[in-house]
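Notes for the one structure printed next.
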Amino acid sequence: MRRLHVPRAAIAGGRATLDDGALHYLRDVLRLKPGAEVELFDGEGGLYAAVWEGPERGLSVGERREGARAGVPIWLAFALSKGDKVDFVVQKATELGAARIIPFQAARSVVKIDSSKVADKQKRWAKIAGEAARQCGRADIPDVDPPRSLQALVSLPPDGFAKVLFYEGGGESMSEHAARDATGHIAVIGPEGGFTNEEVQLLAQAG
């Protein structure tokens with residue numbers, strides 16, 4: 001089934017308002033004929049059966065229905081990596097069902113992102129997450145945060161979240177931290193060079 005992301009606010013009255021990118025995809029990439037069926041997802045968990053009626057009329061849309069969701073939200077916090085590795089992490093985390101993706105700057109992160117480029121980076125990662133959700137069949141799209149400091153990261157998880165640090169010096173079983181009654185989980189993963197002792201202490205003090 002052909003799938004297309006259309007924001008929920010752009011679906012009303014049995015019609016979908018398409019931006020230039022979506023229109024180009026349906027008309028010029030897929031080259032759909034009038035009457036072709038399309039599945040829309042709104043990025044918030046909703047799915048819609050839709051019919052392409054041609055470039056002038058666009059899409060007629062059926063009723064919203066809830067798509068499948070993971071039972072408990074999992075946040076992935078990972079240290080910035082060099083090259084295209086961040087793109088890869090965002091793509092695969094989306095495919096695996098992460099609810100929120102949080103890149104952060106660690107002391108040993110090879111990459112240091114210029115503050116003037118943060119908005120462009122976040123926009124790129126959000127686009128990658130949206131495309132990955134389309135391809136893997138998700139109805140929702142994970143939030144992708146702008147890069148932040150480790151100090152800012154530790155205050156993010158709400159009460160009730162299980163907090164798991166993946167660290168070569170930990171030595172504890174994963175089963176000890178998969179809390180069945182948690183309202184969510186956050187997994188924190190360091191850079192290629194590992195966390196510093198000070199960073200480990202900061203994370204341990206934050207639970």
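Would you mind working out the accessible area per residue for the chain, using a 1.4 Å probe, and quoting it in Å²? Present the calculation step by step, with values, prior to reporting the outcome.
Values: 11660 Å² over 207 residues.
Heavy-atom accessible area per residue stands at 56 Å².
Placing unit charges on each Cβ (+1 for Lys and Arg, -1 for Asp and Glu) gives the chain a dipole about its Cα centre, and among A22, A77, L165 the Cα reaching farthest toward its positive end belongs to A22.
Against the chain, whose longest principal axis comes from its Cα atoms, helix 118-136 is set at around 60 degrees. Under the convention that each Lys and Arg Cβ holds +1 and each Asp and Glu Cβ holds -1, the size of the dipole of the chain around its Cα centre is about 520 debye.
When the chain is treated as a Gaussian network with alpha carbon springs shorter than 10 Å, the biggest mean-square fluctuation among D140, D20, D42 belongs to D20.
The modelled label-to-label distance between R3 and K82, using points 7 Å beyond Cα along the C-beta direction, is 3.4 nm. Evaluate E = 1/(1 + (r/R0)^6) for K33 and E63, where r is the Cβ-Cβ distance and R0 equals 35 Å; express this FRET efficiency to the nearest 0.05. Between K33 and E63 the formula returns 0.90. Helix 85-95 and the longest principal axis of the C-alpha atoms of the chain enclose an angle of approximately 60°.
Given a cut-off of 21 Å, what percent of all Cα-Cα pairs of the range 89-207 lie beyond it?
On the way: 3188 of 7021 pairs.
Above the 21 Å cut-off, the range 89-207 has 45 percent of its Cα pairs.
Across the range 44-55, computed HN-Hα scalar couplings (Karplus, 6.51 cos²θ - 1.76 cosθ + 1.60, θ = phi - 60°) run 10, x, x, 10, 9, 7, 9, 10, 6, 10, x, x Hz from first to last residue, x flagging Gly and Pro.
Let me have the 222 nm mean residue ellipticity of the chain computed from DSSP H runs of 4+ only, each contributing -39500 (n - 2.57), with the sum over all residues rounded to the nearest 500. The partial results should precede the final answer.
Details: 5 runs with 48 residues, N = 207.
Value at 222 nm, helices only: -6500 deg cm²/dmol.
Applying the criteria of a DSSP loop state and at most 16 other Cβ atoms within 10 Å to the trypsin sites (Lys or Arg not before Pro) of the range 110-157 yields K112. Out of [x] 11.6; [y] 10.7; [z] 13.3, which label holds the value of mean projected area of the Cα convex hull in nm² that was computed here? Only one option fits the structure, namely [z].
Distance between the pseudo-spin-label points of S173 and Q135 (7 Å out from Cα toward the beta carbon): 3.7 nm. With the whole protein complex present, T196 retains an accessible surface near 20 Å², based on a 1.4 Å probe.
Taking amide H as placed 1.01 Å from N in the peptide plane, the amide H of F78 sits under 5 Å from that of I102, F104, I189, each at least 5 places away or on another chain. Can you tell me which of L32, L150, L59 moves the most in a GNM of the chain? Springs connect C-alpha atoms under 10 Å apart. Looking only at L32, L150, L59, the largest GNM fluctuation is found for L32. Among beta bridges from DSSP that stay inside the chain, the antiparallel ones total about 40%.
Treating the beta-carbon of each Lys and Arg as +1 and of each Asp and Glu as -1, no other charges, what is the dipole magnitude of the range 52-149 about its Cα centre, to the nearest 20 debye?
Values: 18 positive and 13 negative charges, 88 e Å.
Here the size comes out at about 420 debye.
Please report the orientation-averaged projected area of the range 43-151, defined via the convex hull of its C-alpha atoms, in nm². Numbers along the way, then the final one.
Details: hull surface 35.3 nm².
Over all viewing directions, the range 43-151 projects a mean Cα-hull area of 8.8 nm².
Considering lysine pairs in the range 65-207 that are 8 or more places apart or on different chains, how many have Cα atoms under 21 Å apart? Qualifying lysine pairs in the range 65-207: 18. Along its three principal directions, the equivalent ellipsoid of the range 7-56 from the Cα gyration tensor extends over semi-axes of 18, 12, 10 Å, largest first.
For the chain, which whole-number percentage of the solvent-accessible area (1.4 Å probe, protein heavy atoms only) is attributable to carbon and sulfur atoms?
Working: 5960 of 11660 Å².
Answer for the chain is 51 percent, counting heavy atoms of protein chains only.
The values are calculated or read from the model by the stated rules, or taken from the named source; none is laboratory data. Treat the numbers as computed from the prediction; the structure is a model and nothing was measured. Cβ atoms come from the backbone with ideal geometry, glycine included; neighbour counts cover every protein chain shown. To get the accessible areas, we keep the full protein, side chains included, count just its heavy atoms, and leave off ligands, DNA and RNA. Shrake-Rupley method; radii C 1.70, N 1.55, O 1.52, S 1.80 Å.
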